[in-house]
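This report concerns only the one structure given below.
The values are calculated or read from the model by the stated rules, or taken from the named source; none is laboratory data. Just so it is clear, the model here is predicted, and its values are computed rather than measured. Every residue, glycine as well, gets a Cβ built from its backbone with ideal geometry; the counts of neighbours run over all protein chains shown. These area figures cover heavy atoms from the full protein model, side chains too; ligands, DNA and RNA do not enter into them. Shrake-Rupley method; radii C 1.70, N 1.55, O 1.52, S 1.80 Å.
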Amino acid sequence: MSTNEKIDLRVRRTRLSLQGALEELMAEKPYQEITVSEIVDRALVARPTFYLHYETKDYLLNSLIDDLFADFQTEVKREWSCQYMDLERFGLLLIIEGEKNAERLRILINSGLEYLLLKQICTVLTNLITEVRDADSLALHEMVIQPYIVDFAAGGFFMLLKRWIEDDLAMSSESLGLMVGEIAKTFRHILRDWPLQKPSVAW
């Protein structure tokens, strides 16, 4: 293992330790009451080390949330072929990622940080749709309606994910993933077939 690899591994371990400490503390008390001192004590990390990685505890929180769907995005890109994604597979991957991070998502939801989760889901969907658009040369009108589709889809998926977690994952990931895939097909249809001109209204 090279020196750079050792440094990268040490950095990763430190960040995971800090994220884990923050998660544990959020399970015990409101996020707003948590201090950096408590985080570094729980993580067994020196305070200066914390600031080498994160400017504030909010930056640490954002890094934790950024990691939630990182594997999902990587997996989708890996499976992308011929400018087409099997949307049933897409839905399953998304739900599997939610299942894998269920406890972390539960902590964030219970901590009143739902808006950050929703923002992250919007970012993930925007990135994926942008890649599809660039690969598929979608028309201008499709780019115009994209933010509306993203907001609608992100809101729906967030509420679905929240209910699933609150129900202790009562529905199987396979069934829920299939449902999400079917919904994604509807969004793809809207993106491709939405009219260029605003439809006239008959009075």
- Message: Quick check for me: using +1 on Lys/Arg Cβ and -1 on Asp/Glu Cβ, what's the dipole size of the stretch 57-119 about its Cα centre, in debye to the nearest 20?
- Response: 140 debye
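Rounded to the nearest 20 debye, what is the charge dipole size of the stretch 142-181 about its Cα centre when +1 sits on each Lys and Arg Cβ and -1 on each Asp and Glu Cβ?
In debye, rounded to 20, the stretch 142-181 gives about 60.
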- Item | Solvent-accessible heavy-atom area per residue, rounded to whole Å², over the stretch 48-124 at 1.4 Å | 50 Å²
- Relative contact order for the stretch 32-112: what is it in percent, counting Cα pairs under 8 Å that are at least 6 residues apart? 21 percent
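Which order do peptides 115-125, 69-79 fall in by mean Cβ count within 10 Å, highest first? Mind dumping the intermediate values first?
Working: 115-125: 17.8, 69-79: 14.7.
Result, highest mean first: 115-125, 69-79.
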- Express the carbon and sulfur contribution to the solvent-accessible surface of the stretch 20-123 as a percent, rounded to the nearest whole number, probe 1.4 angstrom. 52 percent
- Query: Which whole-Hz couplings ³J(HN,Hα) result when phi for each residue of the stretch 113-121 is put into the Karplus expression 6.51 cos²θ - 1.76 cosθ + 1.60, θ = phi - 60°, listed in order with x for Gly and Pro?
  - Reply: 10, 4, 4, 6, 5, 4, 4, 5, 4
- What list of ³J(HN,Hα) couplings, whole Hz, do you get for the stretch 55-62 from phi and the Karplus terms 6.51, -1.76, 1.60, once you set θ to phi - 60° and write x for glycine and proline? 6, 9, 5, 5, 5, 5, 4, 5
